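Remarks on the structure that follows.
The values are calculated or read from the model by the stated rules, or taken from the named source; none is laboratory data. Fair warning: this is a prediction, and the values are worked out from it, not measured in the lab. Counting neighbours? That spans all protein chains shown, and the Cβs are built from the backbone with ideal geometry, glycine included. Ligands, DNA and RNA are stripped out before the accessible areas are found, and what is left, the full protein with its side chains, is counted by its heavy atoms. Shrake-Rupley method; radii C 1.70, N 1.55, O 1.52, S 1.80 Å.
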Amino acid sequence: QVQLVESGGGLVQPGGSLRLSCAAPGIIFSISTMGWYRQAPGKQRELVAAIATGGRTNYADSVKGRFTISRDNAKNTLYLQMNSLKPEDTAVYYCNTGPRATLKWGQGTQVTVSS
């Protein structure tokens, strides 16, 4: 079964940075637009960034200018560089295909922004 593995989360102060990684199966990764999603407590899961196989990117307005999504097709790995983090970015972050998730969700990685 296709398995997504997210990593890189943690506790960071407001204004800080984190870099998330997602390992995905190659055959899926190589042909798919991929996305980063997040789910905050009591809220629905939302797509925050997506990247096509050719590198075109899209971002939610809430993260535009602060987050950068990238992919390494040779390593089948998806990244999310998060800068200028805010408390409202606190959530569990997941990767999946985008802009619609079609794979079984991984365990996610917790990002907590707090002083």
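Some observations on this one:
- Nearest-20 debye value, the chain charge dipole, Cβ charges on Lys, Arg, Asp, Glu: 140
- Taking all protein chains as shown and a probe of 1.4 angstrom, Thr77 keeps an accessible surface of around 20 Å².
- Hydrodynamic radius (Kirkwood) for region 46-115, which is based on Cα pairs only, to one decimal in Å: 13.0
- Placing a pseudo-label 7 Å from each Cα along the Cα-to-Cβ vector at Lys43 and Asn58 gives an inter-label distance of 1.9 nm.
- Scanning residues 5 or more positions from Cys95 or on other chains, those with amide H under 5 Å from its amide H are Tyr37, Gly106, with H placed 1.01 Å from N in the peptide plane.
- Taking only alpha carbon atoms, region 2-45 gives an Rg to Rh ratio of 1.04, where Rh is the Kirkwood radius.
- Cut-off under 5 Å, modelled amide H: who pairs with Gly10 long-range: Val111, Thr112
- Computed helical MRE - 222 nm, the chain, DSSP H runs ≥ 4 contributing -39500 (n - 2.57), nearest 500: -500 deg cm²/dmol
- For region 1-27 versus region 43-68, the gap between their alpha-carbon centres in whole angstrom: 14
- Gain in span if fully extended, Gln107 to Asp72, counting 0.36 nm per residue against the direct Cα distance: 10.5 nm
- Restricting the calculation to Cα atoms, region 1-88 yields a radius of gyration followed by a Dmax of 13.1, 38 Å.
- 5 angstrom amide H check on Val5, placed H, neighbours 5+ away: Ala23
- Residue-span extension gain [Arg100 to Ile27] - 0.36 nm each, minus C-alpha spacing: 24.5 nm
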